[in-house]
Amino acid sequence: MNRFLILLFIIFLSVNVEADDSSQAPPVESGMKPIFNGEDLSGWDGDLRLWSVKDGVIHGETTPENKANGNTFIIWKGGETKDFELRLSFRCNATNNSGIQYRSKHITDDKVRNKWVVRGYQHEIRNENTLSSVSGFI
């Protein structure tokens, strides 16, 4: 299986991740290329029951009606990366379990529970009081 150099966002259980109005990603510098257009999920692949664009940001959310079938990701497939600098803003609730996968491999064999499984490096994003010491680990 080919190893993809992809950026993607991860959603585990109950997640609500979107940009915070009071904090925005730094402006795009000369030579940088945005991977999200702020309008739709062009260039991205994920379970559309869980992923959408709201108010110009990528919004991931599971609900009792729309549960994730195991770990599921939104995968950027809009190109290939070399060396890169990822800049973003995020907002999460107090019970989320989320993160950012990068330089990961898209797993497409018959052993996965859904079409959006990857393996690789992950930067954890959490906003929990019970596991606050794990925020930001790689």
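Here is how the numbers come out for the structure above:
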{"item": "Filter result for the condition that a residue is closer than 24 Å to VAL117 by Cβ, of a type in the set (Ser, Thr, Tyr), out of contact with any Phe, Trp or Tyr (no Cβ under 9 Å at 6 or more places or on another chain) and modelled with pLDDT under 85, over SER14, SER22", "result": "SER14"}
{"item": "Residue identified as in contact with a Pro (Cβ under 9 Å, 6 or more places away or on another chain) and of a type in the set (Lys, Arg) among ARG49, ARG87, ARG91", "result": "ARG87"}
{"item": "Some residue of segment 27-39 being at pLDDT 95 or above, under 19 Å from PHE90 (Cβ atoms) and out of contact with any Pro (no Cβ under 9 Å at 6 or more places or on another chain)", "result": "yes"}
{"item": "Tally, over segment 109-134, of residues that are surrounded by 13 or more Cβ atoms within 10 Å (Cβ to Cβ) and either at pLDDT 90 or above or touching a strand residue (DSSP E or B) at 6+ places or on another chain (Cβ under 8 Å) (or both)", "result": "12"}
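The values are calculated or read from the model by the stated rules, or taken from the named source; none is laboratory data. Model, not experiment: these values are computed from the prediction. Neighbour counts run over all protein chains shown; Cβ positions are idealised from the backbone, glycine included.
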